[in-house]
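Structure first, commentary second.
Throughout, read-outs are computed from the coordinates displayed, never taken from laboratory work. Since this is a predicted model, take the numbers as computed values, not measurements. Here the Cβ positions follow ideal geometry from the backbone for every residue, glycine too, while neighbour counts run over all protein chains shown.
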Ligand SMILES: [Zn+2]
């Protein structure tokens, strides 16, 4: 395919980068956070509110959309953008991470991953080529290669074998991607789709280096770092990120998959990352765990029962502008669906505001001051005790 993807670097501040990338469905300012829209929707949020909170791109999960409602059905609806009514850019994962998470319900071979659906037990084989075809039918703006996701901890031998298989799969994915225009069996929903490679190698830096060198030699529109934020110590994640970024080309976006906490975003931008996705803001919101500029809040805590203050006085979201902690606690304890909606809106706003402040700080070359202040505000600390 002839990708219309283009990445432009505007400025740097230390290793932090301020840029933008162009896709067939619009421009994304980087560093960017991508809310996770697993089933074609960010859980408990309307697209309108996700967009108004500042999201320029969302993520869709190939595994879930392939099983239900099916990539061919979505292609017949004109592709994922038209089907779900999100007009902005979309990134799809390859489905690999979900399949590897199925544990006893899957078998990995050189050909691909054989797995059993969590919905109805039906058997499927996801090969690298098939992961490319499915994402071509979905028509996302950025497709990811199929990689093997290693669990943590893993031995060096296991990490090496897994990384080398991921490199072979990446090559097969790229070959298939370039063949697609001539492939009559695949309805390509978005001819301008880009494809990102994924660096693996666990926590072994020499394996990460080898993976980065071989993956960049294949040549992709952007590069992700996969297999981190899976339980390793946070300093290890930062160290591997920093070293791996140094092997990646400066003129392509770098995407740290699955990270993380607000502190992880700031610390990873400081090491040269441009893109993030994580279920944390939305999943935690539905569990009553809220991020604020002064620290974390568990809204079900009794101390908020008669607390008339907004969740976060510094936040401009609808929940903070209209409701008290006492009311949000009541909604949560009553099991009202609006609890999930308001909490999700707030956490997404917090994440996306953080990204905006990161981008401004890099542009003004004040990122390090911002970073120190952000970490001092101790948003990882709980306000509940
Ligand atoms: Zn808010």
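The residues in the range 80-101 that are under 24 Å from residue 125 (Cβ atoms), in a loop (DSSP other than H, G, I, E, B) and in contact with a helix residue (DSSP H, G or I) (Cβ under 7 Å, 6 or more places away or on another chain) can be counted, and the count is 3.
All conditions in (1) more than 17 Å from the chain's Cα centre (by Cα); (2) under 22 Å from residue 258 (Cα atoms) hold for residue 77, with the sole exception of (2).
For the range 353-375, filtered to residues that are out of contact with any helix residue (DSSP H, G or I) (no Cβ under 9 Å at 6 or more places or on another chain) and within 16 Å of the ligand (Cβ to nearest atom), the residue that is farthest from residue 300 (Cα to Cα) is 356.
Count of the range 304-332 residues, restricted to those that are part of a loop (DSSP other than H, G, I, E, B) and either more than 15 Å from the ligand (Cβ to nearest atom) or surrounded by fewer than 16 Cβ atoms within 10 Å (Cβ to Cβ) (or both), is 7. Against the definition (more than 23 Å from residue 8 (Cα to Cα) and assigned to a loop (DSSP other than H, G, I, E, B)), how does residue 228 come out, yes or no? It is true that residue 228 is more than 23 Å from residue 8 (Cα to Cα) and assigned to a loop (DSSP other than H, G, I, E, B). The residues in the range 266-302 that are more than 14 Å from the ligand (Cβ to nearest atom), more than 13 Å from residue 343 (Cβ to Cβ) and in contact with a helix residue (DSSP H, G or I) (Cβ under 9 Å, 6 or more places away or on another chain) can be counted, and the count is 12. Count of the range 333-346 residues, restricted to those that are assigned to a helix (DSSP H, G or I), more than 10 Å from the ligand (Cβ to nearest atom) and under 22 Å from residue 48 (Cα atoms), is 6. Checking the range 282-297 against the condition returns no match, with no residue being within 16 Å of residue 31 (Cα to Cα) and touching a residue at least 60 places away in the same chain (Cβ under 8 Å).
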